[in-house]
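The values are calculated or read from the model by the stated rules, or taken from the named source; none is laboratory data. Bear in mind the structure is a predicted one, so any value in this text is a computation, not a measurement. All Cβ positions, glycine included, derive from the backbone under ideal geometry; neighbour counts span all protein chains shown. For the accessible areas, the whole protein counts, side chains as well, though only heavy atoms, and no ligand, DNA or RNA atoms are used. Shrake-Rupley method; radii C 1.70, N 1.55, O 1.52, S 1.80 Å.
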Amino acid sequence: MREILAKPLEIAIVTPAPRGSRGGNRATALRWAGLLRQLGHRPRLCQEWRDQPCDVLITVHAVKTAAAVRAARRARPALPILTLLSGTDIYGDGGPSDEALATLTDADRIITLQHRARATLPPEMWPRTRTMVQSATAVASPRDESFTACVLAHLRPVKAPLIAVRALASLDDDTPLALTLAGERLDSEYSDEVKRAIESEPRAVFLGPQTRRESKALLARSTVCVVPSLAEGGANVVSEAIAAGTPVLCSAVPGNLGLLGERWPGAFAAGDVAACAAALRRAATDRPFLDDLRARTRSLQPMVAPATERAAWRALLREVAP
């Protein structure tokens, strides 16, 4: 429901992802624009900063929007700037790069997508940091009667869908399990490796890129969702799986555990095929374990409700543009 404000804010959202992109940055920018419209504001998406008239500037990805933040800060020193610390900003053991930190220094508020991301920043930045968990909605789709696992990830090494395929291949044929992968082929060499692995595993299938609705339907009908990434900033697929009530088996990286909880029972060591296989086997054969994961997943649904994210945006905008 759209709110009625005395003065709607003109909000510029700079995202490096072009129109039509299926990448996470574009999806985040579009979802934020929709939520801001529901709050009664007037957001506009753009790929570059060209001194657009606005009351607030939001930039999606600290490194890739560094030029926009610098230009806006020079041209309009009093303009509130909110910058998202995205997944690729914090990949690796060293945390954000010097370029990302320079951008964040110029931002009035730093947005993270999960609670553990703040720890990658210098402590002096923590008071300006706000966590905005990505919200999601589900679509109705009958749950598969047999045990099915899905991986919704573009085919590139950091998302590591190959780990799930290899984990499946390591399980004996008696394990009642099928695996469906969906995503774009973003890295040709890695994509070819995934393709060969799937062709040699009769229990796995690759669907290719899916629309948002198709992805949500796949999540809704799957028994579990596997997120085997080597690093994450706060994957939207985790929020969507929670909204669908589909338990997550995931790598134990901060971006996943920052959403699901430090002691998530379905977590396994990142990059460990055998550990991923063990998690899949247990979910497929241990009914109490699967039921516990489902109950824990349902308990997290308020965290990913659109109303929760709207409330977080309402509070944040009141801080920077009262």
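Stick to the Cα atoms of the stretch 1-160, pair each with every other, and give me the Kirkwood hydrodynamic radius in Å at one decimal.
Taking the inverse mean of 1/r over all distinct Cα pairs, the stretch 1-160 comes out at 17.1 Å.
Round to a whole angstrom and tell me the spacing of the C-alpha centers of the stretch 158-200 and the stretch 278-307.
Between the Cα centres of the stretch 158-200 and the stretch 278-307 lies a distance of 22 Å.
Might you work out the accessible area of Thr223 for me, using a 1.4 Å probe with all protein chains in place, and round it to the nearest 10 Å²?
Counting only protein heavy atoms, Thr223 exposes about 10 Å² to solvent.
Got a sec? Charge dipole of the chain, +1 on Cβ for Lys and Arg, -1 for Asp and Glu; which of Gly258, Leu293, Ala71 is way out at the positive end?
Ala71
With a Cα-only, solvent-free Debye model of the stretch 228-322, what are the log10 I(q)/I(0) values at q = 0.16, 0.17 Å⁻¹?
Here the Debye-derived log intensity ratios amount to -0.69, -0.76.
Taking the chain as a Gaussian network, where each spring joins two C-alpha atoms under 10 Å apart, which residue of Ser97, Ser229, Ser251 fluctuates the most?
Ser97
Tell me the accessible surface of Glu184 in square angstrom (1.4 angstrom probe, heavy atoms of protein chains only), to the nearest ten.
50
When all alpha-carbon pairs of the chain are counted, what percent fall beyond 30 Å?
Cα-Cα pairs of the chain separated by over 30 Å account for 34 percent.
Sticking with the crude label model, points 7 Å out along Cα→Cβ, report the distance from Ala274 to Arg213 in nm, one decimal please.
So the two model labels end up 4.6 nm from each other.
Count neighbours as other Cβ atoms within 10 Å of each site's Cβ, and list the trypsin sites (Lys or Arg not before Pro) in the stretch 115-206 that are DSSP loop with at most 14 such neighbours.
Filter output for the stretch 115-206: Arg143.
Radius of gyration and Dmax for the stretch 38-111's Cα atoms, expressed in Å?
Both quantities, over Cα of the stretch 38-111: 12.5, 40 Å.
Which number gives the lysine pairs in the chain that have C-alpha atoms under 29 Å apart and are eight or more places apart or on different chains?
5
Check which residues have an amide H placed less than 5 Å from Val248's amide H, if you skip close sequence neighbours.
Answer set, sorted by chain and number: Cys225.
Sorted by accessible area with a 1.4 angstrom probe, largest first, how do Glu145, Glu193, Glu262 fall?
Largest accessible area first, the residues go Glu145, Glu262, Glu193.
Each residue of the stretch 248-256 in order: what ³J(HN,Hα) in whole Hz does its phi give by Karplus 6.51 cos²θ - 1.76 cosθ + 1.60, θ = phi - 60°, with x for Gly and Pro?
Per residue, the Karplus-derived 3J(HN,Hα) values read 10, 9, 9, 5, 8, 9, x, x, 8 Hz.
Return the Rg/Rh ratio of the stretch 94-246 with Cα-based radii and a Kirkwood Rh.
1.05
Below 8 Å, C-alpha to C-alpha, sequence gap of six or more: please give me the relative contact order for the stretch 41-102 in percent.
In percent, rounded to a whole number, it is 35.
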